[in-house]
Amino acid sequence: MILRIFGVVQGVGFRPTVFRVAQLMGAKGYVKNKGSYVEVCVDKDEKAFIDKLKEELPVLGRIDRVEMTESDCHEEYDSFVILSSEEGEREVSIPPDVATCVHCLNEIFAPRNRRYLFPFTNCTDCGARFSLIEDFPYDRKYTSMSDFPLCGICNEEYGTPADWRFHAQTISCPDDGPAYVLYDSDGKVMEKESAIEVFASEIDAGGIGVAKSWGGMHIVCKLEAIPEFRKWYNRPFKPFAVMVRNLGTARKYAEVGEYEEQLLTSFQAPIVLLPKKEGPQREVLDPASPGLGNVGLYLPYTAMQHILFHHTRSDALVMTSANLPDEPMLTNNEDVFSLGLDLNLLHNRRIVSRVDDSILIPFEGRKLFIRKSRGFVPDLLNAFHDRSVLSVGPEENVTASMSKDGKLIASQYIGNTTRYEVQNFLRDTIDRLLGLFGIKEIDAVAIDPHPMYTTRRIGEEFAERFGSEIFEVQHHWAHVAGLMADNDWEQPLVSLSVDGAGYGLDEKIWGGEILYSQLDSFERLGHLEYLPMIGGDLATKEPKRMLFAIFQRLGVTKDYFEPHKSEVFIKAMEKSPQSCSLGRVLDALSSYLGICDLMTYDGEPAIKLERYLDVGKPQYEFHTEIEGSNPSVIRTLPLFETLDSLARGKNLTESEKADMSRSFVEELMKRMVEVCVHNAEERDLKTIGLTGGVSYNLPVVRIVKGLVENSKMDLLLHNSVPNGDGGISIGQNVIAGNLL
């Protein structure tokens, strides 16, 4: 019998597992890679063999389907053997990079082990995968480990069936593997033999340095050095991720529940946003995420990071992506010195694919991905169609997605494509994934309708190359389709699609949307009131411009700006872009209450508002109206009028700010959910969706969830597809394929 096994069967120790199961059952035959599936010839009962194989699956392995063909192939073999890999038909089956396993860690910290403190220790269950794979099938020669020929002992481990590194393609040791070297700012060698140890001592002394990881580089400093780091980096308020020594340290700094613990200690090892714990340690931690109630924590996932904490006195280190502002994370050693830092801990293994750390928010057993990348990508979703579609996302937090044979795969996080280097990263990533998955034809390319987005041009380039049809997919509809793909949901859905900005069908800026969505069409059922964005994108960076326009509409001139500037703004209002974005409303609310007046990173005013919403109580009376239908318009001006009547001329306490903001938002969400529920009931639907960047705001999510459930309906949330713009390419792909 010949078995063709499809799933995650490359780079996870699948063939060695098949070999061991065959030996256990006394089988004859062979196993070999065939591109993206594994072919097994076995003389035993196929059901018993597959059942046993499923019991023994490696940590990262997954069997999606098995195709069987009658054959007497086993008659050529006296035992069971592993044959050389062959190129075959390619399917989506690339394992992600995963954290160093316990077995390898035990070796790393065993003084008599030959891999003692060796920072590239890994096995079939752990280590870099996606970041170093160059081609299929997954063999060492098709990875960046091909630069490091095996020594005699490693080769023996690799070829011994009883060894747990049997056929581990990225196996190495201090005698044959990559190595770290510590350099100064000019590229001069500071240390070789004890590079990580010296780096740790310099960081302990207050130094700031770069450390090369698997899929990119991190800037590293101790918590006490954050003020100096911010001054150098010119990022006064941007939150930085913090890597902690262990789970106990995480609990010292943050509130860690059972689900949060599972996420932190999972083999994906993501950055998890957690509520800060009150106490003396908060003063040390607060500078990592100033003005926020939470902080992004994660555990060491590479051997180097574990060794770094072995040497450092610190129990927590800032470890944030190493890049120039808005440019891709650095991957090449020679580029690191452009940062001008005194410490550069670099290794000599090539990074084939840049892979940023994943960031997520836990919510009631779900993962709300802010950035889905290392540990989780590549990943498979149901495409809801069988066409070959490429989709390129919007402009910020971009991913690309492609589909083949009914499956959809999204790329790792790409970034903001306003920068030329990020545009090239997007192009290179698309080309690489097309090659890895053997996609030679593209039926359609999906793009965002915003005329100024750089991704449009990139999408058009690929459409021209492949002779593909182009589909413009509305931004907020794509958000909903991404939510549907996330939940394998094919039925019509009424949803809140709420974020900062998306190009609307009326050429205005949408972002407070209530949509009735299907996979091939949508209807706009309602939206927030349109407000002028004075200066366009400048109103995003300076939310007082939104407030100025709001109060002008209310017949009140506020002295937010100098008189001559106010006169200009009044004249500019009628020609300014019109926005119904919930994100802009929350920014304006944050600004009015004196919480945040200037955006220095994406979404900052609304993000800083979140901790006030979290503790606030709906103590104040706010009322607004819903006007018209198809679409209904939810007024926001009356809410600001009430806010001003309550707060004008007062020196508000923090508690009053919290209660006012909570009262404002509860009334607004109540009206939005009211429109959702009414339209869902008319269509005999029982579920409401919530998607878009604002759905990262947990107080808003909880408010919406309570309102929906009080209406005897269910709330559909994200879990695998990013809520924000990182999920847009997935929705675009699903829609374009169905439109075909």
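Since every read-out is calculated from the coordinates, none of them should be taken as a lab result. Because the structure is a prediction, the values reported are computed rather than measured. When we count neighbours, we look across all protein chains shown, and the Cβ atoms used for this are built from the backbone with ideal geometry, even at glycine.
Ranked by Cβ crowding within 10 angstrom, fewest neighbours first, how are Lys712, Lys508 ordered? If you can, show how the numbers build up before the last one.
Working: Lys712 9, Lys508 16.
Least to most surrounded, the residues fall as Lys712, Lys508.
Using Cβ counts within 10 Å as a stand-in for footprinting exposure, how do His167, His476 rank, fewest first?
On the way: His167 22, His476 31.
The most exposed by this proxy come first: His167, His476.
Sorting Ser720, Ser581 on the 10 Å Cβ count, fewest up front, what's the list? Don't skip to the end; give the middle numbers.
Details: Ser720 20, Ser581 29.
Lowest count first: Ser720, Ser581.
Given H placed 1.01 Å from N in the peptide plane, which residues other than close sequence neighbours of Leu368 have an amide H under 5 Å from its amide H?
Placed amide hydrogens put Ile361, Phe363 under 5 Å from Leu368.
Given the DSSP H assignment, sum -39500 (n - 2.57) over each helix run of at least 4 residues in the chain and divide by its residue total; what's the result at 222 nm in deg cm²/dmol, nearest 500? Could the numbers behind the result be given before it?
Working: 23 runs with 242 residues, N = 740.
Theoretical 222 nm ellipticity from helices: -10000 deg cm²/dmol.
Which entry in (1) 220; (2) 186; (3) 167 matches volume of the Cα convex hull per residue in Å³ derived from the coordinates of this structure?
Checking each listed value against the structure points to (3).
Return a whole-number percent for the relative contact order of the chain, with Cα pairs under 8 Å and 6 or more residues apart as the contact set.
Values: 1705 pairs, mean separation 85.5, N = 740.
Reported relative contact order: 12 percent.
Tell me, what HN-Hα J-couplings in whole Hz come from the Karplus equation 6.51 cos²θ - 1.76 cosθ + 1.60 at θ = phi - 60° for each residue of segment 313-319, using x for Gly and Pro?
7, 6, 9, 8, 9, 5, 9
Going Cα to Cα from Lys276, which lysines come in below 25 Å? Please leave out same-chain ones fewer than 8 positions away.
Lys222, Lys231, Lys238, Lys252, Lys367, Lys372, Lys608, Lys617, Lys657, Lys705
Calculate the length of the line joining the C-alpha centroid of segment 464-496 to that of segment 567-640, in whole Å.
27 Å
Taking amide H positions as placed in the peptide plane 1.01 Å from N, state which residues far from Gly29 in sequence (5 or more) or on other chains have amide H under 5 Å from it.
Ser79, Phe80, Val81
Pairing rule first: another cysteine's C-beta must sit under 4.7 Å. Under that rule, which cysteines of the chain stay single?
Cys104, Cys123, Cys151, Cys154, Cys173, Cys221, Cys580, Cys596, Cys676
Roughly speaking, what is the centre-to-centre gap between segment 40-72 and segment 417-449 when only Cα atoms are used, to the nearest Å?
After rounding, the separation between the Cα centres reads 35 Å.
Find the centroid of the Cα atoms in segment 663-690 and in segment 210-235, then give the distance between the two in whole Å.
Answer, in whole Å: 43.
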